[in-house]
Structures are given as structure tokens and as C-alpha cells.
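The next block holds one structure in the form of C-alpha cells; read it before the comments.
The values are calculated or read from the model by the stated rules, or taken from the named source; none is laboratory data. The shown structure was predicted, so the numbers you read here are calculated from the model rather than taken from an experiment. All Cβ positions, even for glycine, are placed from backbone atoms using ideal geometry, and neighbour counts span all protein chains on display. The protein model used for the area step is the full one, side chains on, heavy atoms only, and it has no ligands, DNA or RNA in it. Shrake-Rupley method; radii C 1.70, N 1.55, O 1.52, S 1.80 Å.
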Amino acid sequence: RRVHGYLKLPMNTVLIHWACVKIQRADNLTDQQLLDAVVEKLSMQPGISYTNLASVAFKKGRRSLAIMLLDNEPSASKQVPLLLEMHEDHLALDKATESGDTDLVYLVVLHMMHSKSLAPPDFFRAIIQRPVANALLIAYCKLQDMDFLKTFYLHVNKAEESSMVTIREAYKSTDFDMRLQHFNVAKAIFTDVSRDSLLSRHTDAQIRLMRFQAEYGARLPPQDRRKYLDLSTSETVMQLIADGDLRTAASFKTDFKIPEKRWYWLKIQALAKARMFFDLEEFAKERKSPIGYQPFVNVCVEENNFAEAARHIARLPDPKQRCISYMTINYWQQACTIALELKDVELLKTIRENCKIPALEDMIDARFGRGGKKK
């Protein structure tokens, strides 16, 4: 205090200078004794930072004392950089995590990533034990370093997650060979986890699909060679049908184990959109449809081909449904005939109100009257 008064220096400056000199010269004191002496003196003055003192102790070769002094530093943003400089990475990570400051956690995690101060297994173990650091590392790697993320997942026994990262990389690649290579790597990882896993089977199916698309595309004119790339299984079979290659489409259906009902849905949609109505008719006659014949009607209506829709309406087993479908395409005569056979007053009322055909209106009125009661 006398020095403070004589030199008119801030008390903090004087006390820090005294503590630095004390640390440099008090070789006869243990770390704990020196810490107690310093803290006792400095505690009289609020707002003093212990970072400079810890740095002096570290340079003096008293690492333990430096760490103990940093424990008295209230600011994590001052603790962490010095701990990293001292290669106390685990402790720095703990201090950063405890502070709740994600920027500090990022600072430590990225330092540990790039400095390689720890062997990969030790680094990954340190991260996985700290949920906040774990989440931030994954978030960073997803944006900046997918290869490191794959390695991380493999080291912490999350092989499936590593494979999913590989698959995401595959879809980002525009080069076919590179994409295929990524999928093969993912399949190998999935297979190591479980030879019969669902993910392994799906990945294998995707590889087979990609190879088919590339090989089939190679037979097409140059301008069409990329037409099939990136299509799903369903889109591929629909494109084959739209291109008129029904034989290959049927073979594809077998090779890729497309269920029968799904096959019917895909084929009737593709044939209708390609306006291949003759083939649609032949398909309907092949055998009894496992999805019924209403979908055949619907796709024809969507393409505004009411004549073809009428062919398929005739195959509907339920007469009431046939009647309603005929009304949908304005085939009022056929709808009226069925309604009369069914003696369905409600259907006849609907026809009477919407058909706008005088002869039908008169016939319905003659049979049932406008009130809907049979005469």
C-alpha cells in the first residue's frame, strides 16, 4: 500500500506485480503454500485477474500452481486460452463447457481437432463424454468436414451414422463413379454391423439401381443418356413404360421385387400419361386386376379420355359405382340405364338434375315423377 501511495499506481497493478515477483522467487514454498499466500493478499482487492499470474507460474515451470491459480480466475474466456497454451486440453474443454459459452467450446474443440495434441481415440473419447462438445462437433463437421465426421462416428461405435454421412456425400456428388464408390463404402459398413440389416439391403438395392440406370442409359442416344440417373425405383419403371420399353420394365419389376399392387399402380399411371391407351386396355385384359378397375378409370379421366374411361367403367363389378363413374364422364344414358335397373331414386334424381338431356329428363319424370315417387 505504501508503494501504491508513493508511486500513485493502481492497487491492482501493484498487487499483481508483487504476486509475479513472489511466484518467480519463492522456490522454497510448495505450490499450495505459494497459492495460499498469493490468494490471501490478492483477495483484499476485488476484480484482480489471475491469468497473468498463472502464465508466470507456467513459464516458471510450476504447471500445477498455474492450474490452481486459474481456478481462482472468474472469467472462463481468460482461463481457456491459457489452458490450451499449457496443453491442458481436457481441462480447457471442461471449463468451456461449464461456462455455457458455445463459442468457447468451439474454440477448444477446433483447437483439439487441428492441433492433434491427442491421438484420435483419446480426442473422440473426450468429446463423446461431453454432450455439448459432442453436439457442436457434429454440427461443425456436417457443414465443414464430413470425412472427419465419418471417422468420429466409426471411433465411437456409431457405424450406421458414419454410413449415413457417406450416403449424403454420395448424393452430393455429380460424378457417377464417385457416387457409386460412396455407396459401396456405406454398404460395407452396414454389412459389418449386420449382414442382414435393412439398411444394408436398401443400400445394395440403390447400388443395383444406379448400375442399371447407367448401363441402360449408355444404350440410349447421347442426349438421353442421363435421363434415368437419379430416378427412384418407381420413377425408373414409369420412365421405361413411358419410353415404350415394356419388356425391360417387366424384367425390372422382377429384378427389383416390385410388389404386384404397386406394379399395377405404376404401370397404369405411366401408360395413361404416355397416352398409350391401347396398351392400357391390353393390360386391363391380362388378368383380374389386384387393385380393381377404378384406378384404370381414374387415370383415363385425368387424361380427359372419356371413351377409354368408359371401357374400364364397364369392368367395375359394383353397378352403383359404374353408374356414378358414368356420371363423372357425362355418359348420362348409360348411367340412367343402370339407375333404372337398380330402381335407385337418389341416383335418378342426380341424373335428372344434371344431365340436361330432355329425353332422359322426360323418361325419368314419366317413370318416377319429379318428386321421385314411382308412378
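Hey, can you tell me all the residues within the stretch 171-192 that are surrounded by fewer than 18 Cβ atoms within 10 Å (Cβ to Cβ), charged (D, E, K, R) and closer than 23 Å to Leu229 by Cβ?
Of everything in the stretch 171-192, those that are surrounded by fewer than 18 Cβ atoms within 10 Å (Cβ to Cβ), charged (D, E, K, R) and closer than 23 Å to Leu229 by Cβ turn out to be Lys172, Asp175, Asp177.
Determine which single condition Thr174 fails, assuming it passes every other condition in (1) under 25 Å from Phe252 (Cβ atoms); (2) in contact with a Cys (Cβ under 7 Å, 6 or more places away or on another chain).
Against the list (1) under 25 Å from Phe252 (Cβ atoms); (2) in contact with a Cys (Cβ under 7 Å, 6 or more places away or on another chain), Thr174 comes up short only on (2).
Results for (1) part of a loop (DSSP other than H, G, I, E, B); (2) under 17 Å from Lys78 (Cβ atoms), shown as yes or no for each residue.
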site: Asn12; (1), (2): no, yes
site: Ile16; (1), (2): no, yes
site: Cys20; (1), (2): no, yes
site: Ile23; (1), (2): no, no
site: Ala37; (1), (2): no, no
site: Ile48; (1), (2): yes, yes
site: Asn52; (1), (2): no, yes
site: Ser55; (1), (2): no, yes
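Name the residue that is nearest to Val109 (Cα to Cα), counting only residues in the stretch 146-187 that are part of a helix (DSSP H, G or I) and among the acidic types (Asp, Glu).
That would be Asp147.
Leu65 fails exactly one of the following numbered conditions: (1) among the aliphatic types (A, V, I, L, M); (2) surrounded by 15 or more Cβ atoms within 10 Å (Cβ to Cβ); (3) in a helix (DSSP H, G or I); (4) out of contact with any Asp or Glu (no Cβ under 6 Å at 6 or more places or on another chain). What is the number of that condition?
Failing condition for Leu65: (4).
Report, by residue number, each residue of the stretch 26-67 that is touching a residue at least 24 places away in the same chain (Cβ under 8 Å), under 53 Å from the mean Cα position of the chain (by Cα) and within 15 Å of Thr13 (Cβ to Cβ).
Within the stretch 26-67, Gly47, Ile48, Ser49, Thr51, Asn52, Leu53, Val56 qualify.
Mind listing whichever residues of the stretch 100-145 are under 23 Å from the mean Cα position of the chain (by Cα), of a type in the set (S, T, N, Q) and open to solvent by less than 60 Å² (accessible area, probe 1.4 Å)?
Correct list: Asn134 only.
List pairs: first in the stretch 335-348 and small (Gly, Ala, Ser), second surrounded by 15 or more Cβ atoms within 10 Å (Cβ to Cβ), Cβ under 7 Å, 6+ apart or cross-chain?
Ala335/Cys323; Ala335/Tyr326; Ala335/Met327; Ala335/Ile351; Ala339/Cys323; Ala339/Leu347; Ala339/Leu348; Ala339/Ile351
Might you let me know whether the stretch 304-318 holds any residue that is surrounded by fewer than 17 Cβ atoms within 10 Å (Cβ to Cβ), part of a helix (DSSP H, G or I) and charged (D, E, K, R)?
No - not one qualifying residue is present in the stretch 304-318.
Given the options Arg168, Arg195, name the one that is within 27 Å of Val237 (Cβ to Cβ), basic (Lys, Arg) and either surrounded by fewer than 20 Cβ atoms within 10 Å (Cβ to Cβ) or modelled with pLDDT of 85 or more (or both).
Arg168
Just to be sure, is Arg219 open to solvent by 100 Å² or more (accessible area, probe 1.4 Å) and either in contact with a helix residue (DSSP H, G or I) (Cβ under 8 Å, 6 or more places away or on another chain) or among the hydroxyl-bearing types (Ser, Thr, Tyr) (or both)?
no
Please give the number of the condition Gly292 fails out of (1) outside any helix (DSSP H, G or I); (2) in contact with a Phe, Trp or Tyr (Cβ under 9 Å, 6 or more places away or on another chain); (3) among the small types (Gly, Ala, Ser).
That leaves (2) as the condition not met.
So which residues in the stretch 85-99 are open to solvent by less than 60 Å² (accessible area, probe 1.4 Å) and either of a type in the set (Asp, Glu) or not in a helix (DSSP H, G or I) (or both)?
Hits for the stretch 85-99 are Met86, Glu88, Asp89, Asp94.
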